[in-house]
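Please treat every number below as a calculation from the coordinates, not as lab data. All values reported here derive from a predicted model rather than from experimental measurement. Cβ sites come from the backbone with ideal geometry, for glycine too, and all protein chains shown count toward neighbours.
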Amino acid sequence: MSHFSTIKTQLKEAEPLINALNKLGYPINQDEKFVKGFKGKFTAVDISMNLPGETKVGFKWDNNSNSYELVTDLDLWKFEIPVERFISKVTQMYAYQTIISKTKEDGYQIVEQTNKNDGSIELVLTKWVS
Amino acid sequence: MPQKTLRFKIHQDGRVEETVEGFTGNSCNEATKNLENALGKVTVKKKTSDAFIINQNENLNQLNNESNVTF
């Protein structure tokens, strides 16, 4: 029996999220756990970053969705890509990091990794079981 | 010695398509339960048996035609 699933990725764990941000080259600010917005209003977050262009971004755990959510002041967004694209990039890399680490724990090895023209990443992993 | 294969397509928006092959009975569900829990919400799940034998060769050809990229 085999199965085919489609999964809507949510940012559920801190470790692959931090790994994803590092892989994408977004520097995490370990000292500050807040995002400063318009008129100097502060919002507490769990992970904070300073993106180029003085754009402050953070991720805050949300109990309703059971996942990390983006915190930023959209009026102050000056980063080179739109915020929606930024979230997509982080989510895609989060999914990649989660798959790599969880399958490694289960003894799988990567046999193929391809970056497709449509921007997707394809991975094939295998394990031999005696 | 059976081979277990996991195939993933991680879309640009973070959506993941997962194909699990080579498991007997319902063990395939157990195999990826932890991963699916860590990733998010499973929106579609289909059980398959023979459907992938045809796709396998297609996928391999496709993969061979494209260059490998490492991060």
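Largest GNM mean-square fluctuation across A:E54, A:E13, A:E69, computed for chain A with C-alpha springs under 10 Å, falls on A:E54. Mean partner shielding of peptide A:96-106, defined as the number of other chain Cβ atoms within 10 Å of each residue Cβ, is 4. Between 0 and 90 degrees, the angle of helix A:83-105 with respect to the longest Cα principal axis of chain A falls at about 40 degrees. Residue by residue along A:77-88, Cβ atoms of other protein chains within 10 Å of the local Cβ number 1 on average. In this structure the amide hydrogen of A:N50, modeled in the peptide plane, comes within under 5 Å of the amide hydrogens of A:N29, none closer than 5 places in sequence on its chain. Normalised by residue number, the volume inside the convex hull of the Cα atoms of the range A:39-130 is 141 Å³ per residue. Largest GNM mean-square fluctuation across A:I18, A:I47, A:I87, computed for chain A with C-alpha springs under 10 Å, falls on A:I87. Counting neighbouring beta carbons within 10 Å and listing from fewest to most, the residues A:F38, A:F79 come out as A:F38, A:F79.
Taking A:V57, A:V111, A:V90 as the candidate residues, the one with maximal mean-square fluctuation in a Gaussian network model of chain A, Cα springs under 10 Å, is A:V111. Estimated at 0.36 nm per residue, the fully extended path between A:K41 and A:K8 surpasses their Cα-Cα distance by 8.7 nm.
By the count of neighbouring beta-carbon atoms within 10 Å, fewest first, A:S67, A:S48 end up ordered A:S67, A:S48.
Charge tally for A:W77 (other residues, Cβ to Cβ under 14 Å; Lys, Arg +1; Asp, Glu -1): -1. Ignoring aspartates and glutamates fewer than eight residues from A:K78 along the same chain, the ones with Cα atoms less than 17 angstrom from its Cα are A:E54.
Spin-label model, A:I18 to A:K116: label points 7 Å out along the Cα-to-beta-carbon direction sit 3.2 nm apart. Quick one: of A:K60/B:K41; A:K56/B:K46; A:K12/B:K45; A:K12/A:K36, which pairs are farther than 31 Å apart, Cα to Cα? Long pairs (Cα-Cα over 31 Å): A:K56/B:K46. Ordering B:D13, A:D62 from the fewest to the most neighbouring beta carbons within 10 Å gives A:D62, B:D13. Within the protein assembly as shown, the ratio Rg/Rh, alpha carbon atoms throughout and Rh by Kirkwood, equals 1.03.
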